[in-house]
Each structure stands twice: as C-alpha cells, then as structure tokens.
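This report concerns only the one structure given below.
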Amino acid sequence: DKQLKDRLDTLVTQPFARCSYRDAVAFLQEEIAKDPEKWQFPVVEFGTDLATEHERWLAETKFNSCVFIYNYPKSIKAFYMRDNDEDGGETVNAFDMLVPGVGELVGGSQREERLDVLEKKLKALDLNPEDYWWYMDLRRFGSVPHAGYGLGFERLVTYICGIENIREAIAFPRYPGNAEF
C-alpha cells in the first residue's frame with residue numbers, strides 16, 4: 001500500500017470531525033438521492049443502523065478525515081447506554097469513531113448508572129432480568145456516572161498495517177462454542 005504512510009500521517013495531523021447522527025443521516029440522504037443505484041443500502045432514515053458503506057462515505061468523502069458520529073437513536077443501541085435528557089431519551093449518549101478506509105473503529109457510550117432506569121429498560125425491551133443479574137448488581141451495590149468504549153483491534157491492525165482484508169488480521173479466530181459466558 002503505497003499511500004499507507006501518507007494516510008497514517010494524515011490520521012495524526014488532521015483534526016477529527018464531529019457530526020451528530022441526525023446530521024449524518026441528512027448528509028447521507030442528500031448524497032444517496034443523487035444516485036441511489038450505486039448504494040447497496042440506499043434507504044437511510046432516523047433509526048437506520050449505518051452500514052459500512054455509509055460510514056466509509058462519511059469518513060472518506062464527506063469529511064475526508066476521522067469523524068465522531070454521536071447521539072445515536074436509542075432504538076439501535078444497547079439497553080445499558082444512557083438516554084440523552086435533551087431530547088427526551090430519543091437518543092443515547094453514544095459515539096462511533098469512523099476512519100477512512102475502514103468505517104467504525106471505536107464505539108462508546110455513557111453507561112446508565114441508575115438502577116431504576118435500567119430495570120424499566122429491561123422490562124420495556126422484554127429482557128429477562130435474571131439473565132442480567134450480574135449487571136444489575138453492579139448498579140445495585142454502587143455505581144457512579146461512567147462511560148466505556150470498545151476498539152476494534154483487528155480493524156486497527158488492518159488500518160495501520162495497510163491490510164486489505166480484515167480476516168488477515170485476526171490472530172485468534174472466534175467461532176461459536178469456543179468461549180464461555
């Protein structure tokens with residue numbers, strides 16, 4: 001990959017962009033309307049879980065840099081993410097960091113620390129509280145406002161090494177039945 005060094009230099013020198021999920025959807029709708037045939041997933045609206053083609057267009061074309069997309073709809077994110085008070089809980093305080101050439105590299109959110117709110121969410125989503133006893137105990141026996149994130153390690157290796165296919169970056173392939181809990 002002859003552009004790898006330039007791409008990595010740009011990554012560390014160019015400021016990252018920030019964009020709300022609502023704005024990202026509007027940008028995508030405007031672009032897709034120009035030629036829906038060139039998109040595998042041409043329908044994008046509030047509540048759509050963005051596909052890799054959407055993420056890559058945002059990072060590679062719209063912003064031409066890494067971009068943080070924030071305030072995702074509650075309906076497409078995990079129950080443990082904290083609702084945004086500003087919009088009545090329609091969105092959650094979450095982000096994805098999109099990187100040119102890859103799409104999502106990092107995802108994170110503020111976690112819901114209020115036990116009563118978590119219990120209501122489990123009920124609303126028809127999830128069995130017994131399956132989440134250990135998680136609820138983390139809140140029941142003390143918690144503070146906090147956040148967490150996850151980095152796609154294989155995606156990072158793919159990006160910084162200039163590897164085209166992510167399968168070539170997976171050191172220990174995962175498959176059903178090889179991990180407990």
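Dipole magnitude for the chain: about 340 debye, using +1 per Lys or Arg Cβ and -1 per Asp or Glu Cβ, origin at the Cα centre.
I'd like the distance separating the alpha-carbon centroids of region 115-181 and region 19-38, in whole Å. One Cα centre to the other: 29 Å. Under 5 Å from the amide H of W39 lies no amide H of any residue 5 or more positions distant or on a separate chain, with H modelled from the backbone and absent for Pro and chain starts. On region 38-99, 46 percent of the accessible area sits on carbon and sulfur atoms, based on a 1.4 Å probe. In whole percents, the pair-distance distribution calculated for the chain from its alpha-carbon pairs, binned every 10 Å from zero, is 8, 29, 31, 24, 7, 0. A59: net charge of surrounding residues, Cβ under 12 Å, Lys/Arg +1, Asp/Glu -1, itself excluded? Result for the neighbourhood of A59: -2.
When peptides 9-22, 32-45, 77-90 are ranked by their average number of other Cβ atoms within 10 Å per residue, the highest-first order is 77-90, 9-22, 32-45.
Before rounding to the nearest 500, sum -39500 (n - 2.57) across all DSSP H runs of length at least 4 in the chain and divide by the residue total; then give [θ] at 222 nm in deg cm²/dmol.
It comes out at -9000 deg cm²/dmol, rounded to the nearest 500.
The values are calculated or read from the model by the stated rules, or taken from the named source; none is laboratory data. Bear in mind that the values here come from a model prediction, so they are computed numbers and not experimental data. All Cβ positions, even for glycine, are placed from backbone atoms using ideal geometry, and neighbour counts span all protein chains on display. Ligands, DNA and RNA are stripped out before the accessible areas are found, and what is left, the full protein with its side chains, is counted by its heavy atoms. Shrake-Rupley method; radii C 1.70, N 1.55, O 1.52, S 1.80 Å.
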